[in-house]
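A short worksheet on the structure shown next.
Derivation of every value follows stated rules applied to the coordinates shown; laboratory data play no part. Bear in mind that the values here come from a model prediction, so they are computed numbers and not experimental data. All Cβ positions, glycine included, derive from the backbone under ideal geometry; neighbour counts span all protein chains shown.
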Amino acid sequence: MKQISIIGHLGKDAELVNTENKEYQTVMFNVAVSENFKDNNGEEKTNTDWITCFKRYKNAENVLPILKKGIKVYASGKPSFGINNYNNAVYVAITLNVRDLEFMTKQDEPKKEAKK
């Protein structure tokens, strides 16, 4: 079984993407997963990967007000990979079918801007 876990910040508010199913709704959100490192010259650098996440809910309208830009989340689930072209560059696109989702930002804690 393939499974990955990520921790990162939402780059924008979550969206409802499938409303045809009356029992379940699909929510899509993008998570920025960043790592800091020093290059060969000792200069601090940040590398950010964007993961597109999908999660099914019975009552998605209850979670949409929480899944806002900047909130920190832990997500784990089944990944899928594809190849995309963007601005004449080829990159691997990672999509995560989320099984487990935890909110790591407290309600009164300020939200962090995801790095671009």
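A few points about this structure:
- Selected from Asn62, Asn87, Asn30 as most flexible by GNM, with the chain as the system and alpha-carbon contacts under 10 Å: Asn87
- In the set (1) 40; (2) 51; (3) 43, the label that goes with percent of Cα pairs over 21 Å apart computed for this structure is (3).
- Choice from Ala75, Ala14, Ala93 showing the highest fluctuation, given a GNM over the chain with Cα pairs closer than 10 Å: Ala93
- Bridges between two residues of the stretch 3-116, per DSSP, are antiparallel at a rate of about 90%.
- Residues Lys69 and Thr48, FRET efficiency given R0 of 22 Å [Cβ-Cβ distance, rounded to 0.05]: 0.90
- Treating r as the C-beta distance of Leu16 and Asn40 and R0 as 41 Å, the FRET efficiency rounds to 0.35.
- The phi torsions of the stretch 46-51, fed into the Karplus equation with coefficients 6.51, -1.76 and 1.60 and a -60° offset, translate into couplings of 10, 10, 10, 9, 9, 10 Hz, rounded to whole numbers, with Gly and Pro shown as x.
- For the stretch 81-108 and the stretch 1-39, distance of Cα centres in Å: 5
- Modelled label reach - Ala89, point 7 Å along Cα→Cβ, the stretch 59-83 residues with backbone N closer than 20 Å: 81-83
- Note: relative contact order over the chain, using C-alpha pairs below 8 Å and six or more positions apart, is 30 percent.
- Estimated FRET transfer efficiency (Glu61, Val33; beta-carbon r; R0 25 Å; 0.05): 0.40
- Filtered GluC sites (Glu not before Pro), the stretch 1-80: DSSP coil and at most 14 other beta carbons within 10 Å: Glu20, Glu23, Glu43
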